[in-house]
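Chemist: Shown below is the structure under consideration.
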């Protein structure tokens with residue numbers, strides 16, 4: 001069986017290539033792209049209509065959604081980020097920029113255990129990190145399935161954020177993969 005016939009092997013190969021490329025992104029490039037992406041997100045109708053804006057606390061090299069979360073908080077919107085609540089399961093928890101965090105699984109910052117569950121409904125904008133994304137909204141993450149499980153139970157608008165070079169012609173897809181509604185890169189917004 002070739003890698004093209006094996007989605008897991010294909011994902012692992014693409015994940016390795018994209019992770020290596022992301023490690024080459026300079027701090028200045030990351031900052032510039034993060035600001036451009038934030039500016040594009042806050043212009044979206046889905047951002048304007050959102051009562052809750054959920055994102056994530058970034059790992060090194062990931063697009064930093066903090067400018068978007070800060071703007072959402074300044075607009076009076078509820079803001080939220082994920083917290084791991086059990087093996088392989090995350091929940092969006094209310095969190096404001098500047099509030100306390102703790103280090104969770106995989107050395108990922110997350111809201112403290114005392115944080116409350118966020119209000120998630122059809123008027124929630126959910127911003128997710130990625131390693132790659134294709135034109136059908138299939139995203140490649142780190143392989144734990146955390147975001148697929150989180151997004152499967154959400155009625156919100158799902159938008160991935162990444163560098164333009166993370167757009168690929170095709171991401172390997174499995175039955176559990178939850179497609180995004182859109183992608184924002186430093187080049188703008190792409191709706192699927």
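Chemist: Report the residue count in segment 45-69 for those that are more than 16 Å from the chain's Cα centre (by Cα) and either under 23 Å from residue 103 (Cβ atoms) or surrounded by 17 or more Cβ atoms within 10 Å (Cβ to Cβ) (or both).
Modeler: 1
Chemist: Could you check residue 120 against (1) under 23 Å from residue 25 (Cβ atoms); (2) crowded, with 20+ Cβ neighbours inside 10 Å and say which number it fails?
Modeler: All conditions pass for residue 120, except number (1).
Chemist: Something else now. Of all residues in segment 142-192, which are in a helix (DSSP H, G or I), closer than 25 Å to residue 25 by Cα and within 15 Å of the chain's Cα centre (by Cα)?
Modeler: 146, 147, 164, 166
Chemist: Sticking with this one: Among the residues of segment 71-92 satisfying the criterion of being touching a residue at least 12 places away in the same chain (Cβ under 8 Å) and over 27 Å from residue 132 (Cβ atoms), which is surrounded by the fewest Cβ atoms within 10 Å (Cβ to Cβ)?
Modeler: Looking at the filtered set, the residue picked out is 73.
Chemist: Within segment 80-111, can you find the residues that are outside any strand (DSSP E or B) and over 23 Å from residue 51 (Cβ atoms)?
Modeler: Answer for segment 80-111, where residues must be outside any strand (DSSP E or B) and over 23 Å from residue 51 (Cβ atoms): 87, 88, 100, 104, 105, 106, 107, 108.
Chemist: Residues 142, 190: which one is surrounded by fewer than 19 Cβ atoms within 10 Å (Cβ to Cβ) and more than 17 Å from residue 90 (Cβ to Cβ)?
Modeler: Testing whether each residue is surrounded by fewer than 19 Cβ atoms within 10 Å (Cβ to Cβ) and more than 17 Å from residue 90 (Cβ to Cβ) leaves just 190.
Chemist: Can you confirm whether segment 44-57 contains a residue that is part of a loop (DSSP other than H, G, I, E, B) and farther than 23 Å from residue 132 by Cα?
Modeler: Within segment 44-57 (the criterion being part of a loop (DSSP other than H, G, I, E, B) and farther than 23 Å from residue 132 by Cα), the answer is yes, since at least one residue qualifies.
Chemist: Does residue 185 fit the bill of being surrounded by fewer than 16 Cβ atoms within 10 Å (Cβ to Cβ) and closer than 19 Å to residue 69 by Cβ?
Modeler: No: the conditions fail for residue 185.
Chemist: Would you check which residues across segment 123-139 are in a loop (DSSP other than H, G, I, E, B) and surrounded by 21 or more Cβ atoms within 10 Å (Cβ to Cβ) and list them?
Modeler: The answer is 130, 131, 138.
Every number in this text was worked out from the coordinates using simple rules, so none of it is lab data. The shown structure was predicted, so the numbers you read here are calculated from the model rather than taken from an experiment. In this analysis, Cβ positions are derived from the backbone assuming ideal geometry, glycine residues included, and neighbour counts consider all displayed protein chains.
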